[in-house]
1. Can you give me the angle between helix 331-358 and the longest principal axis of the chain, using Cα atoms only, in degrees from 0 to 90, rounded to the nearest 10?
2. In debye, nearest 20: dipole of the chain around its Cα centre with unit charges on the Cβ of K, R (+) and D, E (-)?
3. Before anything else, pin down the relative contact order of the stretch 286-432: Cα pairs under 8 Å, at least 6 apart, normalised by residue count, whole percent.
4. GNM on the chain, C-alpha springs below 10 Å: top fluctuator among L343, L94, L107?
5. Add +1 for every Lys or Arg and -1 for every Asp or Glu among the other residues with Cβ under 14 Å from the Cβ of G71, and state the total.
6. Taking other Cβ within 10 Å of each residue's Cβ, how do E212, E52, E156, E43 sort, fewest first?
7. Count the net charge of all other residues whose Cβ sits under 11 Å from the Cβ of A251, scoring Lys and Arg as +1 and Asp and Glu as -1.
8. Could you state the angle between the C-alpha long axis of helix 396-417 and the longest principal axis of the C-alpha atoms of the chain, as a value from 0 to 90 degrees rounded to the nearest 10?
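Any read-out appearing in this document is the output of simple, stated calculations on the displayed coordinates, not a laboratory observation. Keep in mind that this is a model prediction, so the values were computed, not measured. Positions of Cβ are generated from backbone atoms using ideal geometry, with glycine treated the same way; all protein chains shown enter the neighbour counts.
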Amino acid sequence: MRPAGTHPLNGSSAVQLGLGVNRGQFFLLVLVNAFVGAMVGVERAVLPVLAEDAFGVASTTAVLSFLIPFGLAKAGANLLAGDLAHRVGRRRILLAGWLFGLPVPLLLAWAPSWGWVVFANLLLGINQGLAWSATVIMKIDLVGARQRGLAMGINEFAGYLAVALAALGASYLVAAHGPRSGPVWIGGGAAVLGLLLTLLFVRDTAAHVAHEAALTAKAVEPKPEALPERFRARLWRVSWTHRPLFAANQAGFVNNLNDGLAWGLLPLFFASAGRSLREIGWLAALYPAVWGIAQLGTGALSDRLGRRPLIAWGMGLQALGLLVFAATRSFAEWAAGAVILGLGTAAVYPTLIAQVSDLVTPADRASTVGVYRLWRDLGYVAGALLAGLVADLLGYRVSILAVALLTAASGVVAQVYLPTMHSPPAGRQPPG
C-alpha cells in the first residue's frame, strides 16, 4: 500500500505539475485517446463509399448527412464536458463517453437502413465529444503551462495516428470480408478496451487544477451570480467579444469544416475517379497519419515560437493541400495533397487548444476549452452542408476549391487577431 497522503502516480506527498512526474497517468490517457480515435477512424475510408454501394444513397448531400448529427452531438458534448468538468469530475465524463460509444460498432454492423447509420453517428459524436474532451483537459491539468503545447501534440498524435490506422485497417477488412466487418472488430475492440482502461486505471485530475490555481497569481474568482447568467456571459465573451478567443474559435471551426470535407467528400471524389477501396483507404489514412505524427513536433514548437505563426501558416498549408486535390488527378498527386493537408492540420490542431488554454485562468480552462471545441466541431456540420450542396450543384472540384478559399481566409483572421506570444489570461483582459 502507498503511504497515506501521497500522490498515486509519483509517490510524493504533494501534487506536482509536469509531464515527467505525471508520466504514468499521462501516457495512460494517451493510450485511452488512441482508442477514442480508433472509434471514429473506422468510418474515414469506407462509410461515404458504402453509403452509395450498400444503402443506395445517391445525393452527395445525403451521403454527408451522417456528419451533421455527429458534428452537432460532438459540439454539444464538448460544451457540456467543459461546463461539467469541475462539478462532476473529468473521469466521470470520460466514462460517460465510453458508455455512449459502446453501441456504435453494433449499430454500424447491423444497421438495416442509412437512418440507423446516421443515428449511430449521433452516439459517436457524443462519445467523441465527452471522451476526447476529457482526455484533453486532463492532460492539460497534469502538465502545467510550460509543456502545454507538447502535451497537446502528444495527445493529438495518438488520437489521429489511431484514426489513420483504423481507417486503413477498416478498408482492408471491408475489401476482404464485407462492409460491416471493420466497425465491429476495430471499433468494438477500441470501445471495450477504452472503457476498461478508464474504469480500472484512470484517476481524476481535480487536485492538479487546484494546485495550479494556488500557484498562479492569474486565477480570478467568478462573481457570485446565477449559474445560467454566468454561463451565458462566458459563452458570449469566449465566442465573440474577446477577439483572440474569437480568432481561435473561427480557426477551429474552419479546420473541422475542411476536415469534414476530407472525411465525407474526398472518398467519394476518389471513387468517382475509379480508385479501388484499398487505394481510397491509403489516401484517407495518409492525411490523419501525417497529421498525427507531425503533431509531436508542432505542439512543442508552439511552446517556443508562440502559437500564432503555427496557426496562421498551418491554415495556409491546409488551403494549399486542398488546392492540390482540386487541381490534380493522379494517385501520387493526391497523396502529396494529403501530406500537405496533414502537415497544415498538425500545425494548427494542438496549437489552437494550447492557445485557448493560454488565454484563460486554470479555473476557467475546462469551460473555455469546451466552448472552443463547441465551435470547432460545429465545423463538421458546416462542412457537410457546404461541401455536399456545392458538390451536388457544381461538382466535387468546385466544392474542394470553395473550402480551400475559406481556409485561407481563416488563416488571415488568425494572423490579425491572435496574440504574438503567450498572453495574460482572458479573465484579466477587457472583453473586445
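1. 20
2. With Lys and Arg at +1 and Asp and Glu at -1, about 880 debye.
3. Answer for the stretch 286-432 is 36 percent.
4. L107
5. Residues close to G71 contribute a combined charge of 0.
6. Working: E212 24, E52 16, E156 27, E43 30.
In order of increasing Cβ crowding within 10 Å: E52, E212, E156, E43.
7. On the way: positive: R307, R308, R376; negative: none.
Net charge around A251: +3.
8. 20
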